[in-house]
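Below is one structure; the comments refer to it alone.
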Amino acid sequence: MTVMPADLSGLDIRAEIERLRKERNAVILAHYYQKPELQDLADFVGDSLELSRKAAETDADVIAFCGVKFMADTAKILSPEKIVVLPDLDAGCSLEDSCPPEQFKAFREAHPDHIALTYINCSTEVKALSDVIVTSSSAETILQKIPADQKIIFGPDRHLGGYLSRKFNREMLLWPGVCIVHEAFSETELLKLKAQNPGAPIAAHPECPPTIVDHADYVGSTSGILNYAKDMPGDTLIVATEPHIIHQMELALPGKTFIGAPGADGNCNCNICPYMALNTLEKLYLALRDLEPRVEIEEDLRLAAKKSLDKMLEMASSTVGKGDLGAR
Ligand code: 13P
Ligand code: SF4
């Protein structure tokens, strides 16, 4: 259900959001892929793991989640007593869509000796069918804590799973899902861009296919890429992830240059996440005003999904401020 903003002309939306944030005792959480104007007024901007931790810890009454549905669901699973609003409930994720719970259940049942290590980009139902959830910043730490002889199903992102499998020489059964945004980067165009910017390192999100990741100097989560930008040699970085993260890089490192990696025609908008883009300032205002659209999860399902999320938070506890899968 997409909320169609009413006529809000004449309203100082930012001032109204400020007023409502106080009145509602609300915290605004935003992912790095949100529009800059949403990042700028958030109380906290972070990657999926950091946002989950914030949602679990907050003492606010309302969580306004500027991100996608699986992220807001995670906030509700971890903080059921809070009101969780998502500015646009249609803000989904292609990875979540690629993994229908009934099919995932059948896959699990066909491999009873495997545990399910599952990327957080999935539905609450799939979380409930999983043993441990991972994010891109916690996957490495968690995988290394699982005994070497334990068989693993990894879903729904086959590129993240494949990357981990290659890096740790660990066989895993991979669910065939992909992120449509990271899948859209072009190797040919990336190599042209690299040739035009000699010496500039490439940082890539592990949701990218091997054709991109294999050229990267650094592979990691959104926070990991941001940290790499702070520490990298030189002053130009090619960024192979959703380009809205560049906003945080430019704020933190005004003297450096960040270039978004190109898609197939070298100049498309195909690397903007269409789901994240559904959230707007106006919809955030309406969500805080009306406390709708709300995320609601049936209690038995929530408790089942919470087990695998709690396992992640427990096993990822050593991933403090590191936020990355590490240099290749
Ligand atoms: P991060 O956990 O790295 O922020 O990734 C979330 C995501 O959806 C990437 O597409
Ligand atoms: Fe999902 Fe990809 Fe958008 Fe991340 S960037 S929310 S994985 S569609």
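Values quoted throughout were computed directly from the atomic coordinates according to the rules given, and no laboratory measurement underlies them. Predicted model only: the values in this text are computed from it and were never measured. Positions of Cβ are generated from backbone atoms using ideal geometry, with glycine treated the same way; all protein chains shown enter the neighbour counts.
Couple of notes before you dig in:
- Measuring between alpha carbons in the structure, the pairs from 35/145; 194/283; 145/306 lying more than 29 angstrom apart are 35/145; 194/283.
- Net length gained if the chain between residue 214 and residue 251 were fully extended (0.36 nm per residue, minus Cα distance): 10.5 nm
- Proximal aspartates and glutamates relative to residue 105, as straight alpha-carbon distance under 13 Å, when same-chain residues fewer than 8 apart are discounted: 125, 131
- Taking 22, 105 and counting other C-beta atoms within 10 Å, the order from fewest to most: 22, 105
- Between residue 310 and residue 191, full extension at 0.36 nm per residue minus the direct alpha carbon distance yields a gain of 38.7 nm.
- The residue 103 and residue 265 beta-carbon pair, evaluated with R₀ = 45 Å, returns a calculated FRET efficiency of approximately 0.85.
- Approximate spin-label separation residue 61-residue 289, in nm, with each point projected 7 Å along Cα-to-Cβ: 1.9
- Remark: segment 232-237, residue by residue, has Karplus-estimated 3J(HN,Hα) of 5, x, x, 10, 10, 10 Hz, where x stands for each Gly or Pro and the curve is 6.51 cos²θ - 1.76 cosθ + 1.60 at θ = phi - 60°.
- With the highest mean first, a sort of the peptides 34-40, 283-289 on other beta-carbon atoms found within 10 angstrom per residue produces 283-289, 34-40.
- Per-residue [θ]222 nm for the chain (sum of -39500 (n - 2.57) over DSSP H runs n ≥ 4, rounded to 500): -11000 deg cm²/dmol
- Ordered by the count of other Cβ atoms within 10 Å of each Cβ, fewest first, 58, 236, 188 give 188, 236, 58.
- Gyration tensor (alpha-carbon) shape descriptor, the chain, a/c threshold 1.5: oblate
- For residue 47, the amide hydrogen comes within under 5 Å of the amide hydrogens of 223, counting only partners 5 or more places away or on other chains and with H modelled in the peptide plane.
- Taking the number of Cβ atoms within 10 Å of each Cβ as an exposure proxy, the fewest-first ranking of 249, 276 is 249, 276.
- Counting 0.36 nm for each residue step from residue 40 to residue 231 and taking away their Cα separation leaves a gain of 66.4 nm.
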